[in-house]
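Undergrad: Below you'll find the structure I mean.
The values are calculated or read from the model by the stated rules, or taken from the named source; none is laboratory data. As the structure is a prediction and not an experimental result, all values here were calculated from the model. Here the Cβ positions follow ideal geometry from the backbone for every residue, glycine too, while neighbour counts run over all protein chains shown. Heavy atoms of the whole protein, side chains included, go into the accessibility calculation; ligands, DNA and RNA do not. Shrake-Rupley method; radii C 1.70, N 1.55, O 1.52, S 1.80 Å.
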Amino acid sequence: MKPFTYSRAGDAAQAVRWGARPGAKYLGGGTNLVDLLRETLEQPDALVDVTGLATDITAHDDGRITIGAGVRNTALASHAAVRERFPVLSRAIVAGASAQIRNMATVGGNLMQRTRCAYFYDDDGSRCNKRQPGQGCDAVDGFNRMHAILGASSHCVATHPSDLCVALAALDAVVHLRHADGDRSLPLVDFHRLPDDRPDIDTQLRPGELITAVELPALPFATRSTYRKVRDRSSYAFALVSVAAALELDGDAVKDVRLALGGVAHKPWRAFKAEAHLRGKPATEASFLAAIDAELADARPLRDNAFKIDLARRTATAVLRQLTETQP
């Protein structure tokens, strides 16, 4: 492992000053970054520990919730207002990793997770454009059962590993950022990038930019929301396919809906086409299937993962049916 310096920031301004130095990286819970350091896939000159910053969850009277970037995943999943207003978020967090990892992991760090593609981690034996741009991608013609079916490129077919981010994408979450040049905000759905020809760049963050908080806008019908994750074993496994959804009915018709998919793309995949297809339609199995088929029309499976298309179709339909049956 390459030697590096370690500093613990006392406030966001100090963190941004230190984070702007060449070769610096922010350290949250370290549940992914420390692994990458051990594998020498990340080799920073300096780590800036930001775990002591932004650890509050604020439930606003207008229905919004602001989540500090340093909030631990377990604290977020168990927060009373989150469980009441956005149960999909609590369920997504609990579906991820192990209890021990959730106790360590932070919200900001979760957004910065890197792919778990085996070829990315195989530094000695595999080509990977995400690890070394221009090297090639052995996953395209390799063992690609876990890889992307939407939004991939010939340069990278990796998937994003987060469960929490799938729920945030469905809920129109906004990411608040701080940089030496000032503060800004990005919709979560625009925070992560598709691979195109630069899969080594995962997000829209500028060098030295710090995640300070994530905001959930008020969404009253999200009290009827849920998350379902399909995986090879019942715990401590990444999603083959996951679905985050919230549904509002007007009689027997869909008034509004939020739908996002995980395990299918380089970023959490907001199913905008399916949502548009569903609004105003009868809340029936046929409508749900037609909507998800519209979303998956652009899917491009690889040799080993064509099953994900039907799995996403059946999982999304089952989740929407479940939400229909639990409407008051």
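Undergrad: Taking Cα pairs under 8 Å and at least six residues apart, what relative contact order does region 192-256 come out at, in percent? Don't skip to the end; give the middle numbers.
TA: Working: 57 pairs, mean separation 13.6, N = 65.
For region 192-256, the relative contact order is 21 percent.
Undergrad: Using only the Cα atoms of the chain, construct the convex hull and provide its projected area averaged over every direction, in square nanometres to one decimal.
TA: For the chain, the mean projected area of the Cα convex hull comes to 16.3 nm².
Undergrad: May I ask you to give the percent of accessible area on region 193-328 that is carbon plus sulfur, with a probe radius of 1.4 Å?
TA: Working: 3070 of 5870 Å².
The value for region 193-328 is 52 percent carbon and sulfur by accessible area.
Undergrad: Go through 184-191, 248-255 and give me the packing order, highest mean Cβ count within 10 Å leading. Spell out each step's value before the answer.
TA: On the way: 184-191: 17.4, 248-255: 14.5.
So the order, starting with the most tightly packed, is 184-191, 248-255.
Undergrad: Assuming 0.36 nm per residue, please report the length gained on full extension of the stretch THR223 to SER98 beyond their Cα-Cα distance.
TA: Details: separation 125, 0.36 × 125 = 45.00 nm, distance 2.54 nm.
The THR223-SER98 span can extend by a further 42.5 nm.
Undergrad: Tally Lys and Arg at +1 and Asp and Glu at -1 over the other residues with C-beta under 9 Å from the C-beta of THR115: what net charge comes out? Kindly include the intermediate steps, with their values, before the conclusion.
TA: On the way: positive: ARG114, ARG116, LYS130; negative: ASP202.
After counting each charged neighbour, the total is +2.
Undergrad: While we're looking at this one, here's another question. Of ARG224, ARG85, ARG314, which is the most mobile in a GNM of the chain whose springs link Cα atoms less than 10 angstrom apart?
TA: Judging by the Gaussian network model, the answer is ARG314.
Undergrad: Ranking request for peptides 2-9, 28-35, 70-77: highest mean number of other beta-carbon atoms within 10 Å first, then the rest in descending order. Intermediate values should be presented prior to the final figure.
TA: Working: 2-9: 13.1, 28-35: 19.1, 70-77: 21.4.
Order by mean packing, descending: 70-77, 28-35, 2-9.
Undergrad: Something else: In nm, to one decimal, how far is the ALA290 label point from the ASP197 one, both placed 7 Å along Cα→Cβ?
TA: For the pair ALA290/ASP197, the computed spacing is 4.1 nm.
Undergrad: Against the longest alpha carbon principal axis of the chain, how many degrees, from 0 to 90 and to the nearest 10, is the axis of helix 307-325 turned?
TA: 60
Undergrad: Which of rounded, prolate or oblate describes region 150-222 when judged by the alpha-carbon gyration tensor and an a/c cut-off of 1.5? List each step's numbers first, then the result.
TA: Values: a/c = 2.77, a/b = 1.19, b/c = 2.33.
Note, shape of region 150-222 comes out oblate.
Undergrad: Okay, moving on. Give, rounded to the nearest 20 debye, the magnitude of the charge dipole that region 55-132 has about its Cα centre when Lys and Arg contribute +1 at Cβ and Asp and Glu contribute -1 at Cβ. List each step's numbers first, then the result.
TA: Details: 11 positive and 7 negative charges, 45 e Å.
Roughly 220 debye for region 55-132.
Undergrad: Oh, and also: Given the options GLY96, GLY280, GLY262, state which has the largest fluctuation in a GNM of the chain using a 10 Å cut-off (strictly under) for Cα springs.
TA: GLY280
Undergrad: If you roll a 1.4 Å probe over the heavy atoms of the protein chains, what accessible area per residue do you get for the chain, in Å²?
TA: Working: 14250 Å² over 328 residues.
Spelled out: the 1.4 Å probe surface of the chain, per residue, equals 43 Å².
Undergrad: Additional query: For the chain, what's the relative contact order in percent, using C-alpha pairs closer than 8 Å and at least 6 residues apart? The partial results should precede the final answer.
TA: Working: 761 pairs, mean separation 57.3, N = 328.
Here the relative contact order equals 17 percent.
Undergrad: Additional query: How much of the accessible area of region 36-157, in percent, comes from carbon and sulfur atoms when a 1.4 Å probe is used?
TA: In region 36-157, the share of accessible area belonging to carbon and sulfur is 47 percent.
Undergrad: Extension gain ALA276-GLU39, at 0.36 nm per residue separation less the Cα-Cα distance, in nm?
TA: Result: 81.0 nm gained on full extension.
Undergrad: While we're here: Given Cβ point charges of +1 (Lys, Arg) and -1 (Asp, Glu) and nothing else, what value in debye, to the nearest 20, does the dipole of the chain about its Cα centre take?
TA: Details: 41 positive and 39 negative charges, 83 e Å.
Computed about the Cα centre, the dipole is about 400 debye.
Undergrad: Using unit Cβ charges (K, R positive; D, E negative) and no other charged atoms, how large, in debye to the nearest 20, is the dipole of region 262-328 about its Cα centre? Walk me through the intermediate numbers first.
TA: Numbers: 11 positive and 8 negative charges, 37 e Å.
Dipole about the Cα centre, nearest 20: 180 debye.
Undergrad: For a quick check, take a GNM of the chain with Cα springs below 10 Å and name the residue from ARG198, ARG258, ARG91 with the largest mean-square fluctuation.
TA: Looking only at ARG198, ARG258, ARG91, the largest GNM fluctuation is found for ARG198.
Undergrad: Where the centre of each part is set by its Cα atoms, how far does region 175-202 sit from region 214-241, in angstrom?
TA: What the calculation gives is 22 Å, centre to centre.
Undergrad: Quick one: compute the contact order of region 99-170, relative version, from alpha carbon pairs under 8 angstrom and 6+ residues apart, as a percent. Show your work: numbers first, answer last.
TA: Values: 67 pairs, mean separation 23.6, N = 72.
Normalised by residue count, the contact order of region 99-170 is 33 percent.
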